[in-house]
Amino acid sequence: MKNGQLEDILQQTGLFTMDQVTGILTALAGSGVDFTSTVIERTGVREEVFLEKLAVAMDLPFMRLAKIEIAPELLAKVPPKAVFQYNILPVSEENGTIHIATVNPLMPGLIDTMRLVTGGRIRLSLSPSADIASAAKRLYGVGAETLDRMMQDDDRINLDEEGLFKQDLSELDQEASVVKFVNQIIWEAHQNRATDIHIEPMEVDLRIRYRIDGVLIQTPVPATLKRFQSSIISRIKVMANMDIAEKRLPQDGRISLRIQGEEIDVRVSTMPTVYGESVSLRLLLRGSGMIGMELLGLSLEDEKILKRMISRPHGILLCTGPTGSGKSTSLYAWLHTINSVDIRIMSAEDPIEYEMAGVNQVQMKPEIGLTFAHALRTFLRQDPDVIMVGEIRDRETAEIAIRAALTGHLVFSTLHTNDSAASINRLLDMGIEPFLVASAVEGIVAQRLIRRLCPFCRKPIELDVAQREVLRREGFPVEKLDTHTVYEPGGCDECRGSGFRGRTGIYEILTVDDHIRPLIINRSAASDIKREAMRHGLHTLRDDGWSKVLKGVTTVEEILRVSEEDEEST
C-alpha cells in the first residue's frame, strides 16, 4: 500500500495528529515492520480502539472472538502452523469466501498465502491479537502448531508404541517439536497460575488438565495428541532424570526450569494406568513460599494470636487441614516471620518445597532410613531453637516432637484432620498420653483455601427472604446483610472468564489453655473440646469464611464448598 493511501487511512481514524501520522509512515518505511504494532508502540493508543477505527477506515468488519464457535471443517482448511505463526483465525465461510480474522491487515502476502492454502477467496476482518490467540488456543488446542510439525517429522522422532529411547531424545535439537510441545504445556500452565499439570492417557485421547486456584480445568488439546503420547511422556521423564524404559512402576523426579527469569521447580510423578503412564507435575515457584503472615488472609485478631504463639520459647504449634489446604505455605510464613540470626531453625521436610535462607532444611530419604523420627532425634543433638517437622505421621514422630517441646524447643508441624479439635484426638489415637498432649501442645491452626473473587468483574447480588433463610440455617450472620454487600463471580479477561483470581485462607485457631487442658486429660470428644473453645471465643472456619464473604473477598458457595457445618452453633 502506498504512503498516500496509508496517510489517508490513518487520518480517517481520527486518532492521530499530523506529526504522529508522519512518524508512523517513517517507521513503516523499514522492511518487515508490523503495521498495527508500530502504530500502537509509537502512539500508545489501545489496540481495540485503533482496530475499531481502522476497520471503519478500511471498510472491514471488526469482530470480538471471546465466545465464537467455528465449524471443524473450516478450521481444518487452515493449518495450525499458519494460524499461530501469523496470529490469524478463519472465522466463517460464505459462498466460497473465507473470512480471516487478523490484527495486521497490511501483512505482506497474507491474502495470497491464505488463498493458496485454502483454495478459496479471502476476506479479512479485524480482531484484537489477544482475542485471536485465545480463540486459536481454544479451538485448535495448546501446541497445535507444534503437533502439526510433529506429524510431518516422523523421520526425526520415533513414534512407535515403545516411545523414545533416551539416546533419541538427547540427540534432538532443542527446537525439536516434542521438546517444544512439553515446554509449551509448562509455559501455558505457568501463565494461567496453575499449581499442577495432569497428563492422563484415556482410551482414545490424551487429556491434559491444569489445577488453577484449587480447581481442575481441562485445557483444549489437538485431536491428534494421543498419537504422540509415548514421545511426550518420555520427554518429561528424561527432563526429570527418570528411567524411561521402566513403564511398569511409579517413579518420582524433579525438573528445574527458568521461565522469563523466574526459577521454577517441577515435581514429577508417574503412575502406570491401563492406557499408559499418567504424569502429574507440581509447579513450585522458588521464593513464592516465603510470604509474610500478613499475606495469609488472617483477620487482625487471629494474626495477633498466631504471632504470639510462634514467638513462644517452647511448645508445639500444629497446622491441620486436608491435602492442598496451604499448610506448607503457612509453616514457611511462620518460619519467615521469626527467622533471624539469633535463632537456630532446623526443618525436616518431604519434599523441600521452597528453599529458605537461614534455615537448615533436611530432605527425608526413607529408603536409607532418614525418616522424620530419625531426623528429629538428630535435631535434638544439634542445639536448635525452632524445629519444623513436615508432618507427624506416626507415634514415634509424635513422641519425639512432644519430647522436644517439653525440653525447651518450639516445634511446628502438620496433621491431616478436619478441624482443630480433632487434632487432639488424633494424637491420643496415636498412643500419646493425654497429660503429655495437654502439656506440650500450645495451639492448633485449622485452615482451608478459598478462591478470591476477581476484583475487576465481581457483581453485587441482592438476597431475597428465602435465600436469607437458607443462609441463616447454615450459620450465616444474615443480620449483617443490611450493612454489607455480598458478591458473585462475573468473568473477564483478567480472570480468564472464571470470576476468581487467586486464593486466600480461612482459619480456626484453637489455643490450648486452662479451659481446654482438663478436657484433653479426660480424653473428651473433639466436639466437646470445640464447644468449650467456642464458649471462650474460638472463631470456626465457617465464622472466618462468613467474615470474608461480608468483606467481598469470596462467595457463599466457596465457603460451603470447603468447610463443614458447625454443629455446635446450630
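From (1) free of Cβ contacts under 8 Å to residues at least 40 places away in the same chain; (2) in a strand (DSSP E or B); (3) surrounded by fewer than 20 Cβ atoms within 10 Å (Cβ to Cβ); (4) not aromatic (Phe, Trp, Tyr), pick out the condition that doesn't hold for SER278.
For SER278, the exception is condition (1).
For the range 491-504, name all the residues that are modelled with pLDDT of 90 or more and in contact with a Cys (Cβ under 7 Å, 6 or more places away or on another chain). Talk me through it step by step, then tell me what you get.
Within the range 491-504, the first condition is being modelled with pLDDT of 90 or more, and the residues that meet it are 499-504.
GLY499, PHE500, ARG501 - these are the residues of the range 491-504 that are modelled with pLDDT of 90 or more and in contact with a Cys (Cβ under 7 Å, 6 or more places away or on another chain).
Could you tell me whether any residue of the range 69-76 is assigned to a loop (DSSP other than H, G, I, E, B), touching a residue at least 60 places away in the same chain (Cβ under 8 Å) and open to solvent by less than 30 Å² (accessible area, probe 1.4 Å)?
The initial filter retains those residues of the range 69-76 that are assigned to a loop (DSSP other than H, G, I, E, B), namely 69-71.
Restricting the remaining residues to those that are touching a residue at least 60 places away in the same chain (Cβ under 8 Å) gives 70.
Still in the running and open to solvent by less than 30 Å² (accessible area, probe 1.4 Å): 70.
Checked against the condition, which is being assigned to a loop (DSSP other than H, G, I, E, B), touching a residue at least 60 places away in the same chain (Cβ under 8 Å) and open to solvent by less than 30 Å² (accessible area, probe 1.4 Å), the range 69-76 yields at least one hit.
Sort out which residues of the range 34-65 are open to solvent by 80 Å² or more (accessible area, probe 1.4 Å) and assigned to a loop (DSSP other than H, G, I, E, B), and write them in order of number.
Step one: of the range 34-65, the residues open to solvent by 80 Å² or more (accessible area, probe 1.4 Å) are 41-42, 46, 52-53, 56, 59, 64.
Correct list: ARG46, ASP59, ARG64.
Just to be sure before I move on: is GLY297 open to solvent by 10 Å² or more (accessible area, probe 1.4 Å) and under 17 Å from the mean Cα position of the chain (by Cα) in the structure I sent? Quick ask: steps written out before the conclusion?
Values: open to solvent by 10 Å² or more (accessible area, probe 1.4 Å): yes; under 17 Å from the mean Cα position of the chain (by Cα): no.
In short, no.
Given (1) under 22 Å from LEU317 (Cβ atoms); (2) β-branched (Val, Ile, Thr); (3) open to solvent by 70 Å² or more (accessible area, probe 1.4 Å), identify the lone condition not met by THR504.
Of (1) under 22 Å from LEU317 (Cβ atoms); (2) β-branched (Val, Ile, Thr); (3) open to solvent by 70 Å² or more (accessible area, probe 1.4 Å), only one is false for THR504: (3).
Please verify whether the range 492-499 includes one or more residues that are under 24 Å from LEU296 (Cβ atoms), small (Gly, Ala, Ser) and under 28 Å from the mean Cα position of the chain (by Cα). Walk me through it before giving the result.
Taking the range 492-499 first, the residues under 24 Å from LEU296 (Cβ atoms) are 494-495, 498-499.
From what is left, the residues that are small (Gly, Ala, Ser) are 498-499.
Filter again for under 28 Å from the mean Cα position of the chain (by Cα), leaving 498-499.
Yes: the range 492-499 contains one or more residues that are under 24 Å from LEU296 (Cβ atoms), small (Gly, Ala, Ser) and under 28 Å from the mean Cα position of the chain (by Cα).
Sort through LEU436, LEU471, LEU415, LEU410 and tell me the only one that's in contact (Cβ under 8 Å) with a residue 24 or more places away in the chain, buried (at least 18 other Cβ atoms within 10 Å of the Cβ) and either among the polar types (S, T, N, Q) or farther than 30 Å from ARG344 by Cβ (or both). Spell out how you get there, then give the answer.
On the way: LEU436 fails: either among the polar types (S, T, N, Q) or farther than 30 Å from ARG344 by Cβ (or both); LEU415 fails: either among the polar types (S, T, N, Q) or farther than 30 Å from ARG344 by Cβ (or both); LEU410 fails: either among the polar types (S, T, N, Q) or farther than 30 Å from ARG344 by Cβ (or both).
Testing whether each residue is in contact (Cβ under 8 Å) with a residue 24 or more places away in the chain, buried (at least 18 other Cβ atoms within 10 Å of the Cβ) and either among the polar types (S, T, N, Q) or farther than 30 Å from ARG344 by Cβ (or both) leaves just LEU471.
Quick one: which residue in LEU225, LEU317, LEU306, LEU257 is crowded, with 19+ Cβ neighbours inside 10 Å and modelled with pLDDT under 90?
After ruling out the rest, the residue left standing is LEU225.
Go through the range 203-222 and give me each residue that's open to solvent by 60 Å² or more (accessible area, probe 1.4 Å) and polar (S, T, N, Q).
GLN218
Please give the strands (runs of 3 or more DSSP E) falling wholly within the range 326-401 in which 2 or more residues are under 21 Å from GLY431 (Cα atoms) and open to solvent by 20 Å² or more (accessible area, probe 1.4 Å).
Working: elements: 345-349, 359-363, 386-389.
Per the criteria, no element qualifies.
For the range 519-529, give me the residue count where each residue is in contact (Cβ under 8 Å) with a residue 60 or more places away in the chain and either buried (at least 19 other Cβ atoms within 10 Å of the Cβ) or assigned to a helix (DSSP H, G or I) (or both).
5
Name the pairs whose Cβ atoms lie under 7 Å apart, with the first residue in the range 478-491 and within 24 Å of CYS457 (Cβ to Cβ), the second open to solvent by 80 Å² or more (accessible area, probe 1.4 Å) and outside any loop (DSSP other than H, G, I, E, B), and 6 or more positions between them or separate chains?
These pairs meet every condition: THR485/PRO460; TYR487/LYS459; TYR487/PRO460; GLU488/LYS459; GLY490/LYS459.
Could you list all residues from the range 86-117 that are in a helix (DSSP H, G or I) and either of a type in the set (A, V, I, L, M, F, W, C) or crowded, with 20+ Cβ neighbours inside 10 Å (or both)? Spell out how you get there, then give the answer.
We begin by selecting, within the range 86-117, every residue in a helix (DSSP H, G or I); these are 86, 110-117.
Once the filter is applied, which keeps residues that are in a helix (DSSP H, G or I) and either of a type in the set (A, V, I, L, M, F, W, C) or crowded, with 20+ Cβ neighbours inside 10 Å (or both), the range 86-117 yields LEU110, ILE111, MET114, LEU116, VAL117.
Mind listing just one residue for me: the one in the range 228-250 that is open to solvent by 20 Å² or more (accessible area, probe 1.4 Å) and of a type in the set (D, E, K, R) and, of those, farthest from VAL178 (Cα to Cα)?
Residue satisfying both the conditions and the ranking: ARG248.
Can you tell me how many residues within the range 480-500 are in contact with a strand residue (DSSP E or B) (Cβ under 6 Å, 6 or more places away or on another chain) and either outside any loop (DSSP other than H, G, I, E, B) or surrounded by fewer than 19 Cβ atoms within 10 Å (Cβ to Cβ) (or both)?
Count: 6.
The values are calculated or read from the model by the stated rules, or taken from the named source; none is laboratory data. None of these values were measured; they are calculated from a predicted model. Cβ sites come from the backbone with ideal geometry, for glycine too, and all protein chains shown count toward neighbours. Accessible surface is based on the protein model in full, side chains and every heavy atom, while ligands, DNA and RNA are left aside. Shrake-Rupley method; radii C 1.70, N 1.55, O 1.52, S 1.80 Å.
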